[in-house]
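For reference, the structure discussed in these notes is given below.
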Amino acid sequence: MMKGSPVANLDFETIKFEQRGKTACITLSRPHALNSISIEMMKELAVAYAHVEESDDIWTLIITGEGRAFCTGADISMIHNTHIDGKPTGIDLWGEPILSSYRQWDPPQEATPPYQTMTKPVICALNGIAAGAGLDILTTSDIAIAAEDVTLFDPHVSIGLVSGREMVRMARVLPLNITMRMALMGKHDRLTAQRAYDLGLISELTPKDKLMERAWEIAEIVNSNAPLAVRGTRMGIRKGLELPVYQAELLAESYRIRVAQTKDGEEGTQAFLDKRKPVWRCE
């Protein structure tokens, strides 16, 4: 259970929360279970993600894992929580009556950040094994880096389960035949960090002991840019992927016009003309 106020002190049991300057870092912290996703972790992540999005003092989010795994997907021991009268529902019920909340009508998100509705960029720092639903964080992040010894795989079909949104999302990122191989071979096929980098799934490889140093450094570079422009750019790209190109361009232009009317929009051009470093106020 969470201790104290979940937003005031962000004291969690299955994750760790840290903030340095304008960057927050969420560390999945169930190393004894390879950071598999429990219902408590889902609940705590939901609170943490909401806090990041709502906080004026946080501009960028890093997600990583503790121990030798990044995240190995859903904790198999919680599968009984998706059953009613012994029959599988395929829904993370969280102890609620079936279909009693909007969350139950959506595809299960488990550890995934609300990437379609949040504005702030997410950096995924893969520290170790990533499997199953753990891959969701990778495929929905905006920048992904990894330690050189990381391995990725999807075990669903090897344990009698359909690989649902995990590989649907992966197919939006990797070539179809690579995704199919990963999905259909299950636990018997592993993607190395180098192979993931070569395929464009990861943008940078680092020595394991330098991973977090580099993640914080990348976040600082992102934060040196105009925060509202960063968010508008991120949303234009993300939301544009679901649209025909012409409509996507119009959407991105609407974000450009909105940001241009802000004080930061004026500051950016004025600082350029004055040949000085801009001072961003996120307003």
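A few remarks follow.
- Descending by average beta-carbon neighbour count within 10 Å, the peptides 153-162, 91-100 line up as 153-162, 91-100, the highest first.
- Highest mean packing first, where packing is the average number of other Cβ atoms within 10 Å per residue, the peptides 263-273, 142-152, 47-57 line up as 142-152, 47-57, 263-273.
- Among Gly232, Gly65, Gly21, the largest mean-square fluctuation in a Gaussian network model of the chain, built with springs joining Cα atoms closer than 10 Å, belongs to Gly21.
- For the chain, the dipole from Cβ point charges (+1 on Lys and Arg, -1 on Asp and Glu) about the Cα centre works out to 440 debye, to the nearest 20.
- Magnitude of the charge dipole for region 185-283, about its Cα centre and with charges confined to Cβ atoms of Lys, Arg (+1) and Asp, Glu (-1), is about 160 debye.
- Cα gyration tensor shape of region 99-178, rounded if a/c is under 1.5, else prolate or oblate by comparing a/b with b/c: oblate
- Packing-based ranking, highest mean first, of 215-226, 130-141 given that Cβ atoms within 10 Å are counted: 130-141, 215-226
- Across region 29-36, rounded Karplus estimates of 3J(HN,Hα) from the backbone phi angles (6.51 cos²θ - 1.76 cosθ + 1.60, θ = phi - 60°) give 10, 10, x, 5, 10, 6, 6, 5 Hz, Gly and Pro being marked x.
- Remark: the Cα gyration tensor places region 15-223 in the oblate category, a/c being 1.5 or greater and a/b not exceeding b/c.
- Cα-centred dipole magnitude for region 148-236, charges only on beta-carbon of K, R (+1) and D, E (-1), debye, nearest 20: 400
- Charge dipole (the chain, unit charges on Cβ, about Cα centre) - positive-most of Ala125, Met182, Leu273: Leu273
- For the options Thr119, Thr192, Thr262, a Gaussian network treatment of the chain with springs between C-alpha atoms closer than 10 Å singles out Thr262 as fluctuating the most.
- Share antiparallel - DSSP beta bridges, the chain, percent rounded to 5: 30
Quick note: the coordinates plus some simple rules give every number you see, no bench work behind them. All of these numbers come straight from a predicted model, not from anything done at the bench. Cβ: placed from backbone, ideal geometry, glycine included. Neighbour counts: every protein chain shown.
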